[in-house]
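Taking it in order: structure first as structure tokens, then the write-up.
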Amino acid sequence: MLLQLWWVVVLVAIVGGAAAFGYSSTRTPIYHSSASIYFSMRSATSGSDINQGSAYTQNQMLSFASLATSGAVLEPVVEDLAEAGIDISLPQLRRAVAVTIPQNTVILDITAASADPRDAAEIANSVADNLTEVVYDIAPKDDRGESTVGARVIDPGAPAQFQSSPNKSQDAVLGVVLGAFGALFALSAWALLDRRVRSVAALEGVTDLPVLGLVPRRRNPAQGAAFLISPNGSAAEAFRQVRSALRFSAVEHQIGVLAVTSSIAGEGKTTMSVNTALAFAEMGNRVLLVDADLRRPNVANVLGLENAVGLASVLVDAVTFDDAVISTAGVDVLTAGEHVPNPAQLLASQKMTELVEGLRPRYDFVVIDTAPLLSVADATIISQYVDSTIVVVNTRKTTRAQLERCLAALRGVGANLAGLVLNNVREQKKEKYLYTMEP
């Protein structure tokens, strides 16, 4: 699944990256500016006093950090900013200011965030200035009434040249990664939960019947028979492989009269019937194609024939077989004919059995297209008086449960199953091979 749908992962990753980049572009840019304050003891004279003072200052750094976001510091900052033309409330200021302490230092970093880089620098510097004043006021005093703790701004804040957030490049990369992983997860879940028969390996997990061939996916299978449109194409070659596999299967039981069915409608059984008949006719065999799907006949549409009279007309004695049969593209075709209200009764009649038996000496191969087995019982009726039955499995439609029910129904009536044909198989480019004859 991942090898086939890798482009989905790439596409979703690109869309995720573009969406993340677009979302980042709509957000208001935020700029950060930092001011650094250095704290020290003023009254230290000897080396011992300096060490003790440094230890004392480090112990007080958390207190200074808390003090930086207190009302004693931020209320004067609000007033200073108002004088500078920056309108900001105390709660907003608290959210805009962050305080950090580099490990094992007596330096305190004050970082301010704002949509305006100049405002961010103004806020950081104002908080730093007011903090140094508050520390001077509340710190213990010496004998002369001077503060024993000194605070000095060593690195004032400056307007940032680049925004800090949102980081468009980082968000885009994150969107690509999340999109890719999301697509991988979705495809993996789909592959695990998908119960359709997608490959030969999946078929082998359902039954031990041989796979007669793999028919590649066609862009427009409704255009007509592959043998008539592109006799040298990959689809026609696939039907030749089915023909060869059927001839080998004749070792076990006869294949003079073949029935083609499927589990549900739309799996390509009519296309398989028409092309199989044409493939046998290509070898010079006398071939008859019968449309026994009296409910939704389609053989006439595929070959472009009239469907006024056909099998139903013969079974009700409206016309003879010779009058109803049509020759085209090297095969004789008996279309379904007029609509009848009781198709199952006609197909199960003695008249149908006699018709099939009477056709055996006239044709080398008789290919009968039947109705989908899980829809009606027509296929199980026909499979009892034909030599072999082929089951068409569509990779896009047939589930394992449907195939199991189909095969169980055929085995229940004693049908001879020639094998399975996997239809609508995705064809890899590296597997294509075109053989042209030299003039």
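A few notes on this one:
- Of the trypsin sites (Lys or Arg not before Pro) found in the stretch 359-418, those in coil by DSSP whose Cβ has at most 13 other Cβ atoms within 10 Å are ARG362.
- Binning the C-alpha pair distances of the stretch 312-378 at 10 Å intervals from 0 yields a P(r) profile of 17, 54, 28, 2 %, listed from the shortest bin outward.
- Of the GluC sites (Glu not before Pro) found in the stretch 297-393, those that fall in a DSSP loop while having at most 11 other beta-carbon atoms within 10 Å are GLU306.
- Overall, the ratio between the Cα radius of gyration of the stretch 198-431 and 2.2 N^0.38 Å, rounded to two decimals, is 0.94.
- Taking the longest Cα principal axis of the chain as reference, the axis of helix 350-359 is set at about 80 degrees.
- Rounded FRET efficiency, nearest 0.05, which uses the C-beta distance separating LEU174 from ASN232 and R0 of 45 Å: 0.30
- By other beta-carbon atoms within 10 Å, ranking LEU294, LEU422, LEU131 with the fewest at the front produces LEU422, LEU294, LEU131.
- Most mobile of GLN350, GLN241, GLN60 in a GNM of the chain (Cα contacts under 10 Å): GLN60
- Helix 168-193 vs. the chain, principal-axis angle (Cα, 0 to 90°, nearest 10): 30
- Principal-axis tilt of helix 117-138 within the chain, Cα atoms, nearest 10 degrees: 40
- Within a Gaussian network of the chain (alpha carbon springs, distance under 10 Å), most fluctuating of PRO166, PRO91, PRO210: PRO91
- Cβ-derived FRET efficiency at R0 35 Å, LEU2 paired with THR28, nearest 0.05: 0.30
- Here is the list for the stretch 101-201: GluC sites (Glu not before Pro) lying in DSSP coil, each with at most 14 other C-beta atoms within 10 angstrom of its C-beta, are GLU146.
- The stretch 198-431, relative contact order in percent, only Cα pairs under 8 angstrom and at least six apart counted: 32
- Ordering ASP142, ASP378 by the number of other Cβ atoms within 10 Å of each residue's own Cβ, fewest first, gives ASP142, ASP378.
- Ascending count of other beta-carbon atoms within 10 Å, so fewest first, for ASP291, ASP171: ASP171, ASP291
- Contact order normalised by residue count of the stretch 65-122, Cα under 8 Å, 6+ apart, percent: 26
- Counting charges near VAL392 (Lys, Arg +1; Asp, Glu -1) among other residues having Cβ under 11 Å from its Cβ returns a value of 0.
- Relative contact order, percent, the stretch 31-155 [alpha-carbon distance under 8 Å, six or more residues apart]: 42
- Stretch gain in nm, segment VAL316-ASP116, where the contour uses 0.36 nm per residue and the Cα spacing is subtracted: 62.9 nm
Readers should treat all values here as calculations from the given coordinates under stated rules, not as data from a laboratory. What you see is a predicted model; the values in this text were computed from it and never measured. Please note: Cβ atoms are built from the backbone with ideal geometry, for glycine as well, and neighbour counts cover all protein chains shown.
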